[in-house]
Structures are given as C-alpha cells and as structure tokens.
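> Just passing along the structure, written as structure tokens.
Here, each number is a calculation from the coordinates, and none is a lab measurement. Everything numeric here is computed off the predicted structure, so don't read it as measured data. Positions of Cβ are backbone-derived with ideal geometry, glycine not excepted, and every protein chain shown enters the neighbour counts.
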Amino acid sequence: MPERSTIATTFNVGDWTIEPAANRMSHLDQEVHLEPKVMRVLIYLVERQGEVVSRHDLETRIWSGVIVTDDAVTNAVIKLRKALGDNARNPRYIETIAKTGYRLIAETSAVETVTGKQQPGSGGRLERLWRKTLISALGLLLGGSVLWWATAPEETQIPIADRVVDNAPVIAVMPLENLSADPEQEYFANGITEDLITDLSKLAGLRVVARNSSFAYKDSGETAAEIGSQLHARYLLMGSVRKDGKQLRINIRLTDTKDGSNRWAERYDRKATDIFRLQDEITNNVVSVLQVELSTKERQRLLKNYATDFEAYDLFLQGLDHSGRGSGEDSVLAKEYFGKAIAIAPKFARAYASLALTHTRDVFRDRGNSSDASLAMAESLVSKARQLDNSLPQVHFVSAEIAMYRGNYAAALDHVSRAIEFKPSYADGYGLLAWILHWAGRPADGLQAIDKAFELNPRVPGIYYLVKGALRYELDEIAEATQLLETAVEMNPNNHVVRFFLAAVYAAGENIDEARWQVDEILVLNPDFTLAH
C-alpha cells in the first residue's frame, strides 16, 4: 500500500492500473477516464487502504473550504464503483460502512511513487491538474462532468518564432469609407478592406495590424499621426469605395504617419467584376512603394483564385458582415449568405471555410445544434475547402479549431502552424495557437503565442484576455489571471465561457462568494450550461 503523504504517479488497485496525472485507469484493453474529484477520492481511499474513511473526512479532504451536500460524496463513490466494475452489495473494491463511510478492501501496490516535496514534473503537475477541476463550488452548482487537461507531444513544433522579417514596416489598413448612394453597401467597403488586410498579412516582409484594431478607428476622426502612434503603425492604407450598379470607384492612398505625407495615391474606375484584379493591383503597389521583397510562394498566394463570380463574392461579403457581428441571428444570416455564394460558385473555397467557421463558433458559444453536430458540419465543409485550396489560412484555422475541440492537440497545432505559415501577420492565428497550447498543458509556450497576438492586435479583443488569463491560471499565477479575466468579462459581459474561467480563478483564490456570483451569471445567460460543454 502506498504510504500516506505519498502521491503515486502510477499504482495498482486490484486488477486496475491507476494513472492520477492523466485521470486514467486501465485494465487489459479497457481504459476509463475519471473526473479529477473522483480520482482524488480514489487516491484518498488508497492512502488509507483497509481503514474506514468517514464521509466527513472525504468532504474535508476533497472538497476543502466548500459546503457540499451528501450527494457530492455519494455521486463520486458511485462513479468510482462504476468505473471499477464494482457492486455495492457484493463489493470487491469499495465497501460501504453503514452510517459511517467507506473502506477500500482491494489490494493495492505502488508502481512508481514520489515522496517528500515531489520531484519536478510529476506531483507538481498533478496538484495543478487538481486545481483545474475549477473547485467543487462549480461542480456543485453546475453539475455534469468536469474538464481535464491533456498533454500534447512535447516535440510538436509550434511557430512561436516571429516569421515577419526584422524591422519590417508596420501597416494598418483602415476601413474604406462607403461613398455609395446606398448606406447598406457598407458591408462591401468593409469586405474590400478585410480582403486587403488578408492579402497583405500573407507577406513576411510586412507587419500588418489586425482587422479588429484598425476597424476600431472607423469614423473616429483621429489624425493619421494619432492612429499610427496608438497602433504602432508607420503606414496607413486609407481610402473610399463607391459601388454603383456594375461600376466601382476606389480611391486609395498610403500615408506615412511620421510626417503625414502620402507615399502613394491612386483612383480606380473599374467594372465591379474586376474587383479581384483591382485588389491585386493595390496590394502590388503597396509592396512596390514599401520595397517589400516577395518570395515565389508569396507571389502565388496573392493571386485571387478563390472566386471568379462577382455575385457570389458579393454574397460572401454580406456573409462576412453578419458573421463578424457575433449574434445568434447574425450567425443564421451568415450561413444563408455563404450557402448562396457556394450555390453560385461551387468552387469558392473561402466561402466553405467561412461557413465552417460559423459552426465552430456555434460550438464555442453553445448555440444551435449540439456540439457534435456542429463539429461534424464544420468538418465536412472545411474538408471540401481543403480539396479546393489547401493554401488558404482560413482553412487551416478552422481545421485547428475542430481538432482542438476533439482533443487532438497535435493535429490542432499542426493546422494552426500552417495557417500562420500562410499568413505571418495572423493575430487570431496566434491567439488560437495559445488557446490550443493551454488545453494541451503547455501554458509557458502559450504565453509566447498570446503575446504575439497582442502585438499584432493592439486594440486587444476580450477573447485574448480570456486566453491569457486561462494561461496564467494554468501557471497558478492567480492574481495576474484574475486581472486579465476581469478585463475580459468587462469587455464580454454576455460571454458565459469568459465568466466560467473567472469563476474558476476566483475559486482558486478562495474568493468563493465572487465565484458563486459568476456561476449565477452564467446560468442567467445560459440556463442549460454545464461543465460537460
């Protein structure tokens, strides 16, 4: 029997091999995952093998500092017996002592133990995993199963190193002004802006400010110098769009924020169907003026080969507009527009990828279909997109999300690495990389990635604060995590996932009242929310 105050990294209970750090137990070809609290109950019983352990002892040890009902202990033991294949009436593992508690009657043996202060990389990791059960206050109030952290292969390569060349010029593409007679054509001007950001972000010789940051200055009235200073951008690409039936007029200028001078300016009067060639010209002119060197692969990536039909492209831009708004109603409309674009242009790879993204966002926001159904739909769509154009960063971004949700962190890291390879200034790509590394149990690497996302997206979105807060939490840096997650909640008060992590951090800091308050807010926002999600 393992000694008390000893944590066994691997031990046997009867016919089962127990691996606490992985919350896993196995026997022959059978493998069972336990909730962290259930694993802790098993370890406590093993430490006192043959002794009667009272319910009070279990509550005090496993649910320390939290008031729980009898159901908490009972349910944990029921789950443990089910996992072991035990029977309460004829027990082989856990015996119930009437009106007292429980006793582990199975034989135990230690396979490998760590005594004393715990050796690096073993017990310390286990203790962190236990803390990440989000304290029993969350389990008590929310019910359902709990999250556990898995570890991705340590040798998995991740694109932490900055792929943008040293001293690369920093440029922000500002929202093009809509000068069309119809104000509802705003989506078109925004879409052209977003495409220019995407095109320039594919170049390692430029550092491009993320869309979220540049669009924050839409109609702000601030000067180029002020915007440049706040976004740390030397150059601003600015202008206007007028769409009149089948005709387009685009005015564009590249402004040096240091002295306010225009480095280049042009007016284009073209047919609407020339929009793809026109975007190429603008991008190439920026590259030429700023003397950015392009590789052969980068020149190929700049070619507009994802759509040839203007009507499909126009529908696609309307889908992007609704997708960016974030509401459930807008998500439905985005799906409709992307679907219409695909119906007109069945080889429109980016439309498939964007439609897939609406489904992965449904998973994150816990709306629409079940998570499994949404992931299956996203997987089917992105598979089609990958067949059409495997070089699109959006394709690998969505593929990384799907793999992450399925717990395949090695595949997720591979896909997000490809996304960043194809789009070096991919702020959200680095943000997703950090999120995957969090779930993969690699928080130190994750911090490097999220810091890169912060750099590329100076007007930091709330989701980045969530990711960075979760990483600090994983590193047991509770004060820093609390500050980051409080900021995230201020920016996203209706996002229950953000509040979920803040509740966990409050609980880890023994601020139970605040944790309970956040749980109440979660259930107001989404009464059906469970830890299983």
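> Return P(r) of the stretch 417-516 (all Cα-Cα pairs; 5 Å bins starting at 0; whole %; ordered from short to long distances).
3, 16, 23, 24, 18, 9, 5, 1, 1, 0
> Also, quick follow-up: So, in Å, what gap is there between the alpha-carbon centers of the stretch 484-533 and the stretch 393-447?
Taking the Cα centre of the stretch 393-447 as reference, the centre of the stretch 484-533 is 24 Å away.
> How charged is the neighbourhood of E186? Take every other residue with its Cβ under 14 Å from the Cβ of E186, and add Lys/Arg as +1 and Asp/Glu as -1. Intermediate results must be reported in sequence, preceding the final value.
Details: positive: K218, R242, K243, R325; negative: E177, D182, E184, E194, D219, D314, D321.
Within the 14 Å Cβ shell, the charges total -3.
> Additional query: Going by the alpha-carbon gyration tensor, a ≥ b ≥ c the square roots of its eigenvalues, is the stretch 175-262 rounded (a/c under 1.5) or, if a/c is not under 1.5, prolate (a/b greater than b/c) versus oblate? Mind showing how you got there, number by number?
On the way: a/c = 1.92, a/b = 1.54, b/c = 1.24.
Note, shape of the stretch 175-262 comes out prolate.
> What is the mean projected area of the alpha carbon convex hull for the stretch 275-396, to one decimal in square nanometres? Each step should come with its number before you reach the end.
Working: hull surface 32.2 nm².
The directionally averaged projection comes out at 8.1 nm².
> What is the ratio of the Cα radius of gyration of the stretch 212-356 to 2.2 N^0.38 Å, where N is its residue count, to two decimals? Show your work: numbers first, answer last.
Details: Rg = 17.2 Å, N = 145, 2.2 N^0.38 = 14.6 Å.
Against the compact-globule rule of thumb, the ratio is 1.18.
> Name the long-range amide H neighbours of Y93: under 5 Å, sequence gap of 5 or more, or other chain; modelled H, no Pro or chain starts.
Here N87 satisfy the definition.
> Please give me, ordered by residue number, the GluC sites (Glu not before Pro) of the stretch 13-58 that lie in loop per DSSP and have at most 15 other Cβ atoms within 10 Å. Let's see the in-between values first.
Values: sites: E31, E47, E51; in loops: E51.
Those satisfying the criteria are E51.
> Now for a separate question. Please go through the stretch 161-247 and write out the GluC sites (Glu not before Pro) that DSSP classes as loop and that have at most 16 other C-beta atoms within 10 Å. Mind dumping the intermediate values first?
Values: sites: E177, E184, E186, E194, E222, E226; in loops: E222.
Loop-located and lightly packed - E222.
> Within the stretch 272-302, which GluC sites (Glu not before Pro) sit in a loop by DSSP and count at most 16 neighbouring Cβ atoms inside 10 Å?
On the way: sites: E281, E293, E298; in loops: E293.
When the GluC sites (Glu not before Pro) of the stretch 272-302 are filtered for loop state and at most 16 Cβ neighbours within 10 Å, E293 remain.
> When the chain is fully extended, how far beyond the present Cα-Cα distance does E107 get from A265, taking 0.36 nm per residue of separation?
On the way: separation 158, 0.36 × 158 = 56.88 nm, distance 8.10 nm.
Net length gain for the segment: 48.8 nm.
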